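Novice: First the structure, then my questions, so here it is.
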Amino acid sequence: MQWQSDAAQAMASFQRAYLTGETARAEAEFAAARKELGSTGRADLVARAELVRCAVRSASLEFDDCPGFLALKDGAGAENARYADYLLGKSSFKGTDEPLSRLVAESVRFRAGGIDPAGISRAVEIASGQGWRRPLLAWLGVQLKRAEAAGDSETAAQIRRRMALVSG
């Protein structure tokens with residue numbers, strides 16, 4: 001079906017644009033995907049797209065209660081509801097080895113207060129390895145705050161230089 005192809009392409013473009021810091025393009029792609037999915041009248045499909053948006057934002061340490069999903073929760077289905085609970089830190093979820101899934105897992109741990117310095121470093125390396133500017137800057141910001149709090153001015157200066165390079 002054409003709507004499936006168009007929606008999948010728009011969602012993939014949304015993810016790429018958002019993670020690389022192209023906010024306006026990301027929002028336009030998400031709107032296109034949501035429109036295609038909405039044309040089916042299936043709340044579960046639109047809810048899944050909203051969860052993807054929430055997960056991508058979470059990977060960049062931008063947390064909220066997934067309001068787009070909450071508006072559709074009643075028709076979202078059990079699997080989507082479980083994933084929403086996971087994103088909000090209310091349950092566990094078996095992710096994949098895919099970079100975004102791993103980065104989301106680190107963000108969920110961060111949100112719950114259960115991340116250690118190694119987890120923060122993993123998140124930085126995942127984002128860096130993918131060239132994902134937005135989450136990389138967010139996670140480097142976490143490292144910077146930790147270095148500053150520890151009084152480690154040398155590490156803080158290195159992180160600031162890296163952030164400047166990423167910000168281009």
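The values are calculated or read from the model by the stated rules, or taken from the named source; none is laboratory data. Model, not experiment: these values are computed from the prediction. Neighbour counts are summed over all protein chains in view; Cβ atoms, including those assigned to glycine, are modelled from backbone coordinates with ideal geometry.
Novice: Just one of the numbered conditions (1) at negative phi; (2) surrounded by 13 or more Cβ atoms within 10 Å (Cβ to Cβ); (3) of a type outside the set (Val, Ile, Thr) is not true of residue 77; which one?
Specialist: Only one criterion in (1) at negative phi; (2) surrounded by 13 or more Cβ atoms within 10 Å (Cβ to Cβ); (3) of a type outside the set (Val, Ile, Thr) is unmet by residue 77, namely (1).
Novice: Looking at 106, 79, which is the one that is among the acidic types (Asp, Glu), modelled with pLDDT of 95 or more and either closer than 18 Å to residue 128 by Cβ or touching a helix residue (DSSP H, G or I) at 6+ places or on another chain (Cβ under 9 Å) (or both)?
Specialist: 106
Novice: Consider residue 89 against the criteria (1) in contact with an Asp or Glu (Cβ under 7 Å, 6 or more places away or on another chain); (2) surrounded by 15 or more Cβ atoms within 10 Å (Cβ to Cβ); (3) in a loop (DSSP other than H, G, I, E, B); (4) not basic (Lys, Arg): it satisfies all of them except one. Which criterion is unmet?
Specialist: (1)
Novice: Then there is this: With the condition being basic (Lys, Arg), I'd like the helices (runs of 4 or more DSSP H) fully within segment 115-167 carrying at least 3 qualifying residues.
Specialist: 133-149, 153-167
Novice: Being surrounded by fewer than 20 Cβ atoms within 10 Å (Cβ to Cβ), basic (Lys, Arg) and either farther than 21 Å from residue 127 by Cα or modelled with pLDDT under 95 (or both) is true for just one of 42, 34, 25. Which residue is that?
Specialist: Being surrounded by fewer than 20 Cβ atoms within 10 Å (Cβ to Cβ), basic (Lys, Arg) and either farther than 21 Å from residue 127 by Cα or modelled with pLDDT under 95 (or both) holds for just one of 42, 34, 25, which is 42.
Novice: Out of the residues in segment 43-58 meeting the condition of being touching a residue at least 24 places away in the same chain (Cβ under 8 Å) and either assigned to a loop (DSSP other than H, G, I, E, B) or within 12 Å of the chain's Cα centre (by Cα) (or both), tell me which one is nearest to residue 28 (Cα to Cα).
Specialist: 53
Novice: Take the residues in segment 65-74 that are assigned to a helix (DSSP H, G or I) and surrounded by fewer than 14 Cβ atoms within 10 Å (Cβ to Cβ); name whichever of them is nearest to the chain's Cα centre (by Cα). Show your work before the answer.
Specialist: So in segment 65-74, the residues assigned to a helix (DSSP H, G or I) come out as 67-70, 73-74.
Applying the additional criterion that residues be surrounded by fewer than 14 Cβ atoms within 10 Å (Cβ to Cβ) yields 67, 74.
Values: 67: 15, 74: 23 Å.
Among them, the one singled out is 67.
Novice: Assess whether residue 61 counts as being modelled with pLDDT of 95 or more, closer than 30 Å to residue 141 by Cα and not in a helix (DSSP H, G or I).
Specialist: Here the answer is yes, as residue 61 does meet what is asked.
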